[in-house]
1. Kindly indicate whether any position in segment 308-315 is closer than 19 Å to Pro259 by Cβ, under 25 Å from the mean Cα position of the chain (by Cα) and in a helix (DSSP H, G or I).
2. Any idea which of Ser278, Ser183, Ser193 is within 29 Å of Gly363 (Cα to Cα) and buried (at least 18 other Cβ atoms within 10 Å of the Cβ)?
3. Just give me the residues in segment 238-250 being surrounded by fewer than 20 Cβ atoms within 10 Å (Cβ to Cβ) and at pLDDT below 95, in sequence order.
4. Return a yes/no flag: does segment 421-434 have any residue that is farther than 20 Å from Ile362 by Cβ and either out of contact with any Ser or Thr (no Cβ under 7 Å at 6 or more places or on another chain) or surrounded by 17 or more Cβ atoms within 10 Å (Cβ to Cβ) (or both).
5. Pull out all pairs, ordered by first then second residue, where Cβ-Cβ is under 6 Å, the residues are six or more apart or on different chains, the first lies in segment 84-112 and is β-branched (Val, Ile, Thr), and the second is assigned to a loop (DSSP other than H, G, I, E, B).
6. Given the residues Lys305, Lys268, which is the only one that is basic (Lys, Arg), surrounded by fewer than 18 Cβ atoms within 10 Å (Cβ to Cβ) and modelled with pLDDT of 85 or more?
7. Restricting the search to segment 402-414, which residues are surrounded by fewer than 22 Cβ atoms within 10 Å (Cβ to Cβ) and in contact (Cβ under 8 Å) with a residue 40 or more places away in the chain?
Amino acid sequence: MKRIFIALAVVLSVQFANAQTVKPADAAKKAVESAEKAANDPKKAAKVATWLKLAKTYVDAYNSPKGAGVSFLGMGMTRQDIQLALSGEKASATEEVVVGGEPCTKDVYATREYIYNRGGQLIFINVTVPVYADALDKALEAYRKAYEVDLKKSKEKDIAEGIGQVSKDYYDDGMTSYMLGDSKAASILFAKSAEASLVEPYNTVNTDALYNAGFTALATGNIEMAKEYFEKCVAHNFYYENGEVYAKLGEIYNQLGQPEKAKEVLEKGFLSFPQSQSILIGLINYYLQSKQDTGRLFELIAAAKKNEPNNASLYYVEGNIYNELRQAVKDDENLRNDYLEKAANSYRECVKINPEYEFGYIGEGVMYYNLAIELQDKASNEMDNNKYEALLAQMEEALLNALRPFESAYGISKDNALKVNIAEYLKNIYYRFYSKGAEYEAGYKKYNDVVKSGNAQ
């Protein structure tokens, strides 16, 4: 089960923009020069209209390279629509490219590149020759100045809308940079988007921009910047999917040599998001690396259980803790077996509380399945025939222990993709016992068909 970074939309979902008529570059430059001249006139500089006009000319200059004469009603226009709107302007090159893991088509023009998805829809524009490299920066400063001189606040709404659009443009450019593989540029642009969104009078927290600034900064090794923006996420009560911000901060504090700070933020995150596997693993690693008593983990679980005694997912998490601890122990077979038994009991208690909680069954099934793989690997390296046969017997026992919970999970799940995933496990288990009876043969055929078709219904 993959965690999808939804905020960055790397699946290439369509971006939408406000309707706007794009000015040719020369006209855009002249408009900026005229507006700058007015802003430098002391008498005109006292008027809010002067700064609003200047801001607008910078925004027009920012949009200009996207295609002169094109009215962008929004991304998602077809390639044919774009070509018609360009009034005869031809692409200098067309390339097949991969963006975000998806096949795309790129049309190259003098000032920009149009990127289309496999359905032929425009997903983003990459400007290669801007009219002004810092047009959005200058537009934002003009809006700031407009707000400053607007003593009567008569144009507050217009200023706020303008700042909001600048923040969005920064964000879209960040998305473009990210999809093109430039996470460093993306982090800067996401940060600009986040900071612009807080400018008066717009003053609206863009939590996606905050998170993405931290995420891309971390990806490029800019730890301090990542820390700054993830901490801002927490300050604005935004933790992303399943408390991921806490997990990221834990990782960052560890990299900065602050393990106690990492522990603090991970424990705080765990109390709010006990189901988060990334937070849980971060905590387990802390206790194992610091050689501290892992009993603290179970104290946290106990505290959560006290608040929600009938929350089946807490027992699932408890099972995960025991399972992770079992995998971390390499040289104490008795302790490994003890953790295995305790994990199994927790998973079973989970589905006892809620028989429809499929992940409780899946947790137990995956645990025994992975144990079978471990035993198989051991057997493959065992030269003593008796020990080899004993290990194979243990492996088969583990597979049979996995069979029941996987069957239960498959039976209750309503998620087709998840059921197909479970069917893959079941197919492999039944195949192992294929020659041992008709029921195993039938089980293999059933789940093999599901896996092949991708349809569990």
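The values are calculated or read from the model by the stated rules, or taken from the named source; none is laboratory data. Keep in mind the model is a prediction, meaning the values are calculated, not measured. Because the Cβ atoms are built from the backbone with ideal geometry, glycine has one as well, and the counts that use them run over all protein chains shown.
1. no
2. Of the residues listed, the single one that is within 29 Å of Gly363 (Cα to Cα) and buried (at least 18 other Cβ atoms within 10 Å of the Cβ) is Ser278.
3. Glu241, Asn242
4. Yes: one or more hits.
5. Between residues of segment 84-112 that are β-branched (Val, Ile, Thr) and residues that are assigned to a loop (DSSP other than H, G, I, E, B), the close pairs are Val108/Ala91; Val108/Ser92; Thr111/Val129.
6. Lys268
7. Ser408, Ile412, Ser413
Per-residue answers, yes or no, for (1) farther than 29 Å from Glu141 by Cβ; (2) over 22 Å from the mean Cα position of the chain (by Cα); (3) outside any helix (DSSP H, G or I):
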{"residue": "Thr216", "(1), (2), (3)": "no, no, no"}
{"residue": "Glu244", "(1), (2), (3)": "yes, no, no"}
{"residue": "Glu251", "(1), (2), (3)": "yes, no, no"}
{"residue": "Pro274", "(1), (2), (3)": "yes, no, yes"}
{"residue": "Ile281", "(1), (2), (3)": "yes, no, no"}
{"residue": "Ile284", "(1), (2), (3)": "yes, yes, no"}
